[in-house]
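Peer 1: Can you read through this structure? Questions will come right after.
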């Protein structure tokens, strides 16, 4: 211990000055703590609190946005399914309407064809009947001419009466 005291005396160490320096240091430290350090720490803590609050709000907003995105994607999928179903129904309806119109056109064409065939058959029958009548008249005229040229008048009258009758 004597070595320490000798060393301190060689440095011109004064215990009173040392005590006063410790008191000044403690007063300086307390005043700096009160005036500078505590306000800085308080401001830093407030700032960290605000940052944490903003981060929490940002995370909540991100989670909300993610939930909204998922909900909108589900709604879009549902709407796509509804639209696909509506498109399918509209397509089926249009195809059925086209098939109905096609069948109606076929039926109408068939009716027109049947009517035309019936009209042609009727005209053919009328023409045949007219031709039969004309053939009969022509045959009667030919027969009359043959009878006139080849038979006597009495025989002609009898044959002509039989032919007409």
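The values are calculated or read from the model by the stated rules, or taken from the named source; none is laboratory data. Computed from a predicted structure; not experimentally measured. Note that each Cβ is placed from the backbone with ideal geometry, even for glycine, and that neighbours are counted across all protein chains shown.
Peer 1: State yes or no: is residue 91 within 58 Å of the chain's Cα centre (by Cα) and in a helix (DSSP H, G or I)?
Peer 2: So residue 91 passes the test.
Condition check ((1) at pLDDT below 90; (2) in a helix (DSSP H, G or I); (3) in contact with a helix residue (DSSP H, G or I) (Cβ under 8 Å, 6 or more places away or on another chain); (4) surrounded by 11 or more Cβ atoms within 10 Å (Cβ to Cβ)) across all residues:
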position: 6; (1), (2), (3), (4): yes, yes, no, no
position: 21; (1), (2), (3), (4): no, yes, no, yes
position: 25; (1), (2), (3), (4): no, yes, no, no
position: 29; (1), (2), (3), (4): no, yes, no, yes
position: 32; (1), (2), (3), (4): no, yes, no, yes
position: 35; (1), (2), (3), (4): no, yes, no, no
position: 38; (1), (2), (3), (4): no, yes, no, yes
position: 41; (1), (2), (3), (4): no, yes, no, yes
position: 45; (1), (2), (3), (4): no, yes, no, no
